[in-house]
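In what follows, a single structure is set out as structure tokens and then discussed.
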């Protein structure tokens, strides 16, 4: 299988090549030339597989340049029960009112990002060793990507991580998870701005091809295709757990910020997984909800991007949205390029003429959740079921309930454990969220990070000072 760019300027490349690249040289994002199809028979043959075995089977459809036995070794190392708080790796638990919760936050950093990062932590060193090169990973995080990437890459040879985060906009637990790491290959950079601005810096430096090549810049944000591919696995796992036989429909509700999580569900559906609906849940930063409700895409400015109690979703310009629009405009790279040029000059584009296809062809519906909704949902779910959910998952539950259909399981994707957002849990329940064993003293550990202005030049200078240039 080979990969192309959403903007048409990338010669078809193999999985290993796009894994190291991140953003394509033309500014677009990598996608397969065509998606593999999973037949009903194949899907049934996967029923009962362990998570690491299922991951090897699904990822082998995308990483055709890596031997299957090698992939098996990677997924076995990535998805070990001792790294996760569940033998199942991804457990499915019933909630109420036709809803179930897919536990994606059992990994080392208590967030769904671990599901892909643990695989990348195995894949990157393998590919770098095979190519005899190094990689400086440049990323931006609104809270969970950073810690998941850093825990997966810490101490790995030939790898360094430069992670940008919005100064003062993450929870205390999220900051402690990242900033307490003392590994020399981990660099935490707190920029004085919002996530969208940090993400723009990453894209600007990744688009500077001379700088990118000289300093061997790669990505772990969900602009990296490996992240998306690894996340497809848990949609298959969720479907297999929620059904008993072939062809049964399942809906998935997904709290959405940068659109990578729900994009993986879209791709799984395009591959033949029997998904009825993809329920997109946003917080008050509802740019994507507006698009899926109207066809108008109108990102907000950094000043208009609200700081909310589900901070990992405080995003206005979702990177992975471009990959979906590529499908929506029938994979026409010229049209995608024109739309993003229009976005840069006019601040919006209107695809309302295609709006009917969003639900009828692609299965998307959308809704919004507010701070009061989150508090109410956390309280109600806890009182009715005894299950404690985090604020982002609460957004998913609140919106999911609007779209439950008789006889069709509604699976809500958990995004993080409540311990990461204990201030909001305390506001909802009057008591803090319990901390997992071994993490009780995390916030008291020494923290190491650098605060920089939110501009490209400052981050570029930091990388030049700390990274080793690649010999030309």
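The values are calculated or read from the model by the stated rules, or taken from the named source; none is laboratory data. Quick caveat, the model's predicted, so the values are computed rather than measured. Neighbour counts are summed over all protein chains in view; Cβ atoms, including those assigned to glycine, are modelled from backbone coordinates with ideal geometry.
Here are some notes:
- Among the criteria (1) part of a loop (DSSP other than H, G, I, E, B); (2) surrounded by fewer than 15 Cβ atoms within 10 Å (Cβ to Cβ); (3) in contact (Cβ under 8 Å) with a residue 40 or more places away in the chain, the one residue 423 does not fulfil is (1).
- A single member of 222, 264 is under 14 Å from the mean Cα position of the chain (by Cα) and without any contact (Cβ under 8 Å) to a residue 60 or more places away in the chain, and it is 264.
- Exclusive hit being more than 21 Å from the chain's Cα centre (by Cα), under 21 Å from residue 122 (Cα atoms) and either at pLDDT 95 or above or in a loop (DSSP other than H, G, I, E, B) (or both), set 64, 42: 64
- Selection status of residue 252, buried (at least 24 other Cβ atoms within 10 Å of the Cβ) and more than 25 Å from residue 197 (Cβ to Cβ): yes
- Scope region 226-258; condition in a helix (DSSP H, G or I) and either closer than 19 Å to residue 5 by Cβ or without any contact (Cβ under 8 Å) to a residue 24 or more places away in the chain (or both); matching residues: 226, 227, 228, 229
- Scanning region 182-225 for residues that are assigned to a loop (DSSP other than H, G, I, E, B) and under 25 Å from residue 127 (Cα atoms) yields a total of 12.
- Within region 338-358, the residues that satisfy the criterion of being without any contact (Cβ under 8 Å) to a residue 24 or more places away in the chain and either surrounded by 18 or more Cβ atoms within 10 Å (Cβ to Cβ) or closer than 27 Å to residue 410 by Cα (or both) are 339, 356.
- Sole residue being assigned to a helix (DSSP H, G or I), crowded, with 17+ Cβ neighbours inside 10 Å and over 23 Å from the mean Cα position of the chain (by Cα), chosen from 395, 373: 373
- When restricted to residues that are more than 18 Å from the chain's Cα centre (by Cα) and not in a loop (DSSP other than H, G, I, E, B), region 135-175 contains 7.
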